[in-house]
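No lab work stands behind these numbers, since they all come straight from the coordinates. For clarity, every value in this text was computed on a predicted model and none was experimentally measured. Because the Cβ atoms are built from the backbone with ideal geometry, glycine has one as well, and the counts that use them run over all protein chains shown.
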C-alpha cells in the first residue's frame, strides 16, 4: 500500500530533544508509518529552561536518588525492548537552541526536518554530545546536509522564539505535564507509551472518524 492510499492520521506531540522518553516515544510513533499516512505536529516544549547551555549534572535536576534510579531503570528497559542505541551520561543541557533549530528546519520540508529530528536525539542520547552548544548543533545539522542559512536563521529570526511561546501556552491550556504527550485525534496519551497503545488509539481514531482533521 502506498502512502497515498494509507489512511491519514494527524498527531500532535509535545516533545523535547533532551527528554529520553521523547526519544523512545518518537521511535515508537514512527512504527505507525507502515499503516498510516502520518501528519505530525511536533510541538517543541522546553522542559529545563533554567539549565545553562554548557550543561549541568543530572543530580541538579531535583530528583531524589531513588526517583532517578527508577526513571533510568524504566528508560533502560524501554531502549532494550525497542533495541534502540543509547549511551548513559551524567549531564543535561539547555535545549532551546536545538528546538529553535528544529523549528527553522521545518520550513525546509519533511525531507530536511526528519533527518535532523533523528540526529538531534542521536547526538544527545547515543553520542552524549552537548546539544546546548551551537557549534555542536551546526555540526549535527551539517551531518544531515542542512544549509547554513537555515541553521543561522534559527537563532536570528524571532518567529521561532514566538512559536516556542505558542507551544508553551498550548501545553498550559491542555494541562500537558509530561513529555512526550501525544494527541491522536481527540485521544491523549501521556509519556512513552508502548507502540501497541499508539497503534490501538490510531486504529480507533481512524475507524470511528474521531480524527477532526
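Taking 0.36 nm per residue of separation and subtracting the Cα-Cα distance, what length does fully extending residue 30 through residue 188 add?
55.2 nm
Order these by the 10 Å Cβ neighbour count, fewest first: 17, 114, 160. Intermediate values should be presented prior to the final figure.
Numbers: 17 26, 114 17, 160 22.
In order of increasing Cβ crowding within 10 Å: 114, 160, 17.
Nearest 500 deg cm²/dmol is fine: what mean residue ellipticity at 222 nm does the chain get from its DSSP H runs of n ≥ 4 alone, each adding -39,500 (n - 2.57), divided by its residue count? Let's see the in-between values first.
Working: 8 runs with 104 residues, N = 213.
The helix contribution divided over the chain gives -15500 deg cm²/dmol.
Quote the FRET efficiency, to the nearest 0.05, computed for residue 37 versus residue 111 with a Förster distance R0 of 22 Å and r equal to the Cβ-Cβ distance.
Numbers: r = 16 Å, r/R0 = 0.71.
So the FRET efficiency works out to roughly 0.90.
Relative contact order for the chain: what is it in percent, counting Cα pairs under 8 Å that are at least 6 residues apart? Walk me through the numbers on the way to the answer.
On the way: 303 pairs, mean separation 61.8, N = 213.
The value is 29 percent.
What FRET efficiency do you get for residue 6 and residue 89 if R0 is 41 Å and r is their Cβ-Cβ distance, rounded to the nearest 0.05?
Numbers: r = 37 Å, r/R0 = 0.91.
Efficiency, rounded to the nearest 0.05: 0.65.
Taking springs between alpha-carbon atoms closer than 10 angstrom, which of 141, 98, 169 fluctuates most in the Gaussian network model of the chain?
Comparing 141, 98, 169 in a Gaussian network model of the chain, the most mobile one is 169.
Suppose the chain between residue 60 and residue 161 were pulled fully straight at 0.36 nm per residue; how much longer would it get relative to their current alpha carbon spacing?
Working: separation 101, 0.36 × 101 = 36.36 nm, distance 2.61 nm.
Difference between extended and current length: 33.7 nm.
Distance from a point 7 Å along Cα→Cβ of residue 203 to each backbone N in the range 17-55: keep the residues under 18 Å and list them by number.
Answer for this model: 28-38.
Taking every DSSP beta bridge that has both residues in the chain, what percent is antiparallel when rounded to the nearest 5?
About 55 percent, rounded to the nearest 5.
Once you have the alpha carbon radius of gyration of the range 3-71, what is it after dividing by 2.2 N^0.38 Å, with N set to its residue count?
Values: Rg = 16.4 Å, N = 69, 2.2 N^0.38 = 11.0 Å.
It is 1.49.
Sorting 179, 208 on the 10 Å Cβ count, fewest up front, what's the list? Could you put the intermediate results ahead of the total?
On the way: 179 23, 208 9.
Neighbour counts put them in this order, fewest first: 208, 179.
Running a GNM on the chain with Cα contacts under 10 Å, which residue among 164, 101, 174 ends up with the highest mean-square fluctuation?
Looking only at 164, 101, 174, the largest GNM fluctuation is found for 174.
Can you sort 147, 19 by how many other beta carbons sit within 10 Å, fewest first? The partial results should precede the final answer.
On the way: 147 13, 19 24.
Final ranking by Cβ density, sparse to dense: 147, 19.
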